[in-house]
Structures are given as structure tokens and as C-alpha cells.
Amino acid sequence: MRILAFETTCDETSAAVLEGRVLRSNAVFSQIKLHRKYSGVVPELASRAHLEKIPFVLKGALGAAGRPTPLRPGAFDAVAFSRGPGLPGALMVGRVAAETAAELCGVPLIGVNHLEGHLLACEFAGGRVSKPLRFPLLALIVSGGHTELWHARGYGDYKVLGRTRDDAAGEAFDKVAKLLGLPYPGGPSVEKEAARAKGQGPVFPRPYMEGTREFSFSGLKTAVSYYLAGRLGQDFYKRGLRLPPGERAQVCRSFQDAVAETLVRKAADAARSLGLTRIAVGGGVSANKALRAAFGKLDGFEVRFSEKDYCSDNAAMVALCALRRLEAGKFANSLKVSPELDRPGWR
Ligand SMILES: Nc1ncnc2c1ncn2[C@@H]1O[C@H](COP(=O)(O)OP(=O)(O)OP(=O)(O)O)[C@@H](O)[C@H]1O
Ligand SMILES: [Mg+2]
């Protein structure tokens, strides 16, 4: 089975080729530099950059896979793309590229849920689909736009247990980094700073949202901004005032700890309440070492993460979602967009 896949939900343009269980290529063009000066993704710029880069990314993926041949019947068995959730203009670029490729190859077009991709990315090891997930499990998706808990009963059989009511965990990292004057994307910047922290720093509240499976990270972000206002003055941001480096590192570590503890406790509570002993964590924030270490301390659970290369957006995970659907024979009507986007499952 040969699958060509596209990913254009946000600020990475990616194309991948999966052949059987072997990932032949996974070309990714990141737009980080383009968006850095705005400290966040500018949707219109993202769409234009996808449009500009997708032919080259596709060419790169086909070349690296040893198939620089034209897209024609026999080249692939299916073409996949992330159908959402994502930025509307950005999604259109991946979709039209995938539709064109599927038409040229005369094969099925499979629109997959991007968040399912973040979960299934845990199955890649050493460039192969070699670590299949074992179900049932509790899935935690922690990315730039989403923080969700799912009860995953099998491939495509996902029940959303809870979501964030406001900011996603990754968004909170990005905004706190901006408040502290650290570069976008905030997650890696905050993690790097936090690793330098020494001594006791401030302690920020853990937004546990007791009694629910939902999340809320905007209050934690506000707690950081109140701390900064207390130290530097109300108008610190306008005046461009910054904490001394040692204290900034402490704030990063304290914020990161608060996010990690909250995610671990909520995921573990949800898993326990459902009698689940397996947890899988996906999405950009799952690259965070402090989060991985916090999950590592959990007793009684088998916790899976994806390899670092597959935590952020990539087309390899999209190809893998398509593979699971092809294996299950479930890929008709895959272009229906609503209300599927709210329900990641396809069973
Ligand atoms: N090491 C890290 N620690 C914490 N957060 C991180 C780390 N690396 C990346 N992130 C965060 O992950 C997010 C990007 O992840 P990802 O690419 O999965 O999100 P997205 O595709 O923009 O959103 P979504 O998947 O919800 O549509 C950013 O918010 C970024 O700051
Ligand atoms: Mg993503």
C-alpha cells in the first residue's frame, strides 16, 4: 500500500510517502521565521506561504521517496490530506493539492482529522510504523490550538471527554513567551529558559477545573502577567520591560511545571475513572521534556509519546491515519467536513 499525504493545517507545509509500514519520506517546510515577528501565526500569510511552498515540498517528498516520477495511475494507492481542524485558507491549499494528486493517480482521496494524526504519530519509530498503539487508551492531545482528552477504543473510535474552554496549552506557552520577551514558538523558548532556572521561583496556580474533564489555561497566563505587572509595573509590556534573566528562567520553570502537573493529573484522573492503564500523548507540546518527565513519574500507567520529529505538524502522521482507514475499509465520504470536525472518530 503506497500513500501520498499532505499537511497544511497551520504553519507547516508537509508532504509524505508511506509505503507499507515504511515511511519513505516526510518533507516539512516550517513557516516559523515568517511568523516570528508577529509572535504568532498570521492566517493570510500562512495560506500564501503554503501556496508558494507546496509544489517544492511535494517534489521533495516524491524525490526522497525515490519516486520522482509524475503522479499517474499506479504511483499510489491513496492520497490523504488533513481536512481539519485548522486555518481555513491553509486547509484549502492541502486539499486542492491532494484532490489534484488523487485525480491524476485515479485513487481514493482520504481526508483525515489532524488531531487523530497527532495521536497516531506515537506509532512511528525509526522511520517505520513499528509501535502500534494498544487500545483502549486515554489520549491527550496537546498542541498549539487544542488540549483534549479522548477515550480511544480503537482506530477511529474516539470519544471526546473534555477540551479546553479557552487557551490551548501550546497557545499559553506561546503567549507567556511573548509576555516574557521570548521568541515564537513559545514552547521551545520557555523550555530552554526553564532548564536554566535555579532556586525557588514564584508558584503559579494549577488550573485543575475540579470535577470536570475540561481544561482552562487562560487564567494561568493571566497569573504570569499579574506577576510581571507586580514586579515591573502595570505598563511593563508597553514599556518593553523585562525580568532579569535568572528570574525569567524561574518564571518559565514555574509556568511549565504548572502546565505539566495539570495535564498529567487530569489525564491520569480521566484514565483511572475509565479503568484505563494506557495513556498516549500527542501534539507539539508533547515534545516538552518536563511534561514527559512528569508523566514518567506516574505509577501504574504505560505512557506513550511520539518521537520528537513527529510531535509537531507533519504529513507522515496524516498518511498513517489514512493507512488505518484503508485497513478498516472506511474511507468513503471522507470529504464531508461538518460536523465531522467536532468528532475525530470515523467508525
Ligand atoms: N518543547 C515544547 N514545549 C512546550 N510546547 C511546545 C514545545 N514545542 C512546541 N510546543 C508548542 O506546540 C505548539 C505547536 O504544536 P502543533 O504544531 O502540534 O500545533 P498546531 O498544529 O499549531 O495546532 P493544532 O494541532 O491544535 O492544530 C506551539 O504552541 C508550540 O509552542
Ligand atoms: Mg498540529
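The values are calculated or read from the model by the stated rules, or taken from the named source; none is laboratory data. None of the values given here were measured: they were computed from a predicted structure. We place every Cβ from the backbone using ideal geometry, glycine too, and count neighbours over all the protein chains shown.
Observations on the structure shown:
- Of all the residues in the range 222-235, those that are in contact with a Leu (Cβ under 8 Å, 6 or more places away or on another chain) and surrounded by 13 or more Cβ atoms within 10 Å (Cβ to Cβ) number 5.
- In summary, helices (runs of 4 or more DSSP H) completely within the range 238-347 and bearing 1 or more residues that are over 22 Å from the mean Cα position of the chain (by Cα) and in contact (Cβ under 8 Å) with a residue 40 or more places away in the chain occur at 245-273, 315-328.
- Annotation note: of Arg278, Arg248, the sole residue that is closer than 19 Å to Trp150 by Cβ, at pLDDT 95 or above, in contact with a helix residue (DSSP H, G or I) (Cβ under 9 Å, 6 or more places away or on another chain) and assigned by TED's automatic domain parsing to the domain that holds Lys297 is Arg278.
- Filter result for Ala168 (within 16 Å of ligand 2 (Cβ to nearest atom), touching a Phe, Trp or Tyr at 6+ places or on another chain (Cβ under 6 Å) and small (Gly, Ala, Ser)): no
- Condition broken by Thr222, with the remaining ones in (1) within 14 Å of ligand 1 (Cβ to nearest atom); (2) assigned to a helix (DSSP H, G or I) satisfied: (1)
- Some residue of the range 106-119 being free of Cβ contacts under 8 Å to residues at least 60 places away in the same chain and either of a type in the set (Gly, Ala, Ser) or not assigned by TED's automatic domain parsing to the domain that holds Val224 (or both): yes
- Against the test of being surrounded by fewer than 21 Cβ atoms within 10 Å (Cβ to Cβ) and within 16 Å of ligand 2 (Cβ to nearest atom), the options Pro136, Pro183, Pro108, Pro88 yield a single qualifying residue, Pro88.
- Among residues of the range 149-174, those that are touching a Gly at 6+ places or on another chain (Cβ under 7 Å) and either crowded, with 18+ Cβ neighbours inside 10 Å or part of a loop (DSSP other than H, G, I, E, B) (or both), counted: 8
- Residue check for Arg196: more than 16 Å from ligand 2 (Cβ to nearest atom), within 21 Å of Asp167 (Cβ to Cβ) and in contact (Cβ under 8 Å) with a residue 24 or more places away in the chain: no
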